[in-house]
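Here's the structure, in structure tokens; my notes come after.
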Amino acid sequence: MQEQLVQKIVEEVLQQVLKNQPSRPDDGKIPIGVSARHVHLAQEEVEQLFGENYQLTPKFELSQPGQFAAEETVVIAGPKGSIDRVRILGPARTLTQVEVSWTDAMKLGVKPPLRISGDIKDSSPVTLIGPKGSVVLPEGLIIAQAHIHMSPADSERFQVVDGQSVQIKVQGLRPIILSNVMIRVSERYRLEMHIDTDEANAGLIQQGAFAEIVNGQVMEPLTVNEMPLVAKQAPVKQSIYHFEKKLLSQVDVLEIEAQEIVVPKRTIVTALAYDKIRELNKKITIRSE
Ligand SMILES: [Zn+2]
């Protein structure tokens, strides 16, 4: 009980802190973050690669709250080649996922699909090699689809909604337009567009550059039959998510895209998490072990 109360307080404080973060000036500019190739690991794979009970070591914080680049790196390998010192991003997730550029993929000898992070079903196989072992993943290698993280306040300001695709323009020496850039809205996101190194190189984009939305009409939600071709190709969200950690907080609920969250009986679900589940019209199922 005590633990639940403490968590509730922590969550409430965290929420206030996030709410009070200064918003950027209303100039329509979106900072760009260039994502180099990286790996997200599940704890199981952390241990296979680095040893039993190993914990990732944060090296520096990333722009999105709670995310960090780890000291640890791995080698990633495909049928045609390998790439050394690929950075691991923490904290550990439920699914291991490797994000590379098309240029990297050609070096590895695979043709990974273009996906939104977290959607790895039927993606390319990849091998990870660490100091204590290796892992052969039948799927998990993707090229990350360009996306913009933003808060609900920013989504109102830009008149866009979560899951919407927009077109963006980057000014500079070699101006470019990128289409199908996906909007991702969460209370815990800070405004930033994430593109990979191929996209950045195409526009001679360096860290610190800005993007502007040039086409962002808000569309009414469509039924499956009315969906245009582009929307049909959009990644299908997993509908059930198996949550395995000790505590389900509202931050976790916000991160989970699935409609139904299954938790083991021993998992503590905070009151705020329950509120968020109701608010988002999600379903929670307690699994008896
Ligand atoms: Zn991102």
> Most mobile of G78, G118, G208 per a Gaussian network model of the chain (Cα springs, under 10 Å)?
Replying inline: G208
> Rounded to the nearest 5, what % of the DSSP beta bridges within region 35-144 are antiparallel ones?
Replying inline: 70
> When the Cα centres of region 183-197 and region 247-286 are compared, how far apart do they sit, in Å?
Replying inline: 22
> Roughly what % antiparallel, to the nearest 5, for the DSSP beta bridges in the chain?
Replying inline: 55
> Using a Gaussian network for the chain with springs between C-alpha atoms less than 10 Å apart, which of these wobbles most: S239, S123, S186?
Replying inline: S239
> Where the only charges are on Cβ atoms (+1 Lys, Arg; -1 Asp, Glu), what is the dipole of the chain about its Cα centre, to the nearest 20 debye?
Replying inline: 200
> Hey, got the dipole for region 240-287? About the Cα centre, +1 on K and R Cβ, -1 on D and E Cβ, debye to the nearest 20?
Replying inline: 280
> Using a 1.4 Å probe, what is the accessible area per residue for region 35-144, in Å²?
Replying inline: 48
>> Test of the criteria: in region 114-204, which GluC sites (Glu not before Pro) are in a DSSP loop and have at most 16 other Cβ atoms within 10 angstrom of their Cβ?
In response: E187
>> How large is the convex hull of the C-alpha atoms of the chain per residue, in Å³?
In response: 152
>> For a 29 Å ceiling on Cα separation, which of these pairs sit above it: K169/K283; K121/K283; K8/K282?
In response: K169/K283
> Taking +1 at the Cβ of each Lys and Arg and -1 at the Cβ of each Asp and Glu, which of N215, N180, V253 sits farthest along the dipole of the chain towards its positive end, judged by Cα position relative to the Cα centre?
Replying inline: N180
> Measuring from label point to label point, each 7 Å out along Cα→Cβ, what is the R85 to S288 span in nm?
Replying inline: 5.4
> In nanometres, what is the gap between the two model label sites at Q259 and E3, each 7 Å from Cα along Cα-to-Cβ?
Replying inline: 3.2
> Where the only charges are on Cβ atoms (+1 Lys, Arg; -1 Asp, Glu), what is the dipole of region 35-144 about its Cα centre, to the nearest 20 debye?
Replying inline: 380
>> Along the Cα→Cβ direction, 7 angstrom out, place labels at V75 and R266. What is the inter-label distance in nm?
In response: 3.7
> Given the options P175, P91, P152, which has the most mean-square fluctuation in a GNM of the chain, springs set between C-alpha atoms less than 10 angstrom apart?
Replying inline: P175
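The values are calculated or read from the model by the stated rules, or taken from the named source; none is laboratory data. This is a predicted model, so every value here is computed, not measured. Heads up, the Cβs are rebuilt from the backbone with ideal geometry, glycines too, and the neighbour counts pull from every protein chain shown. Heavy atoms of the whole protein, side chains included, go into the accessibility calculation; ligands, DNA and RNA do not. Shrake-Rupley method; radii C 1.70, N 1.55, O 1.52, S 1.80 Å.
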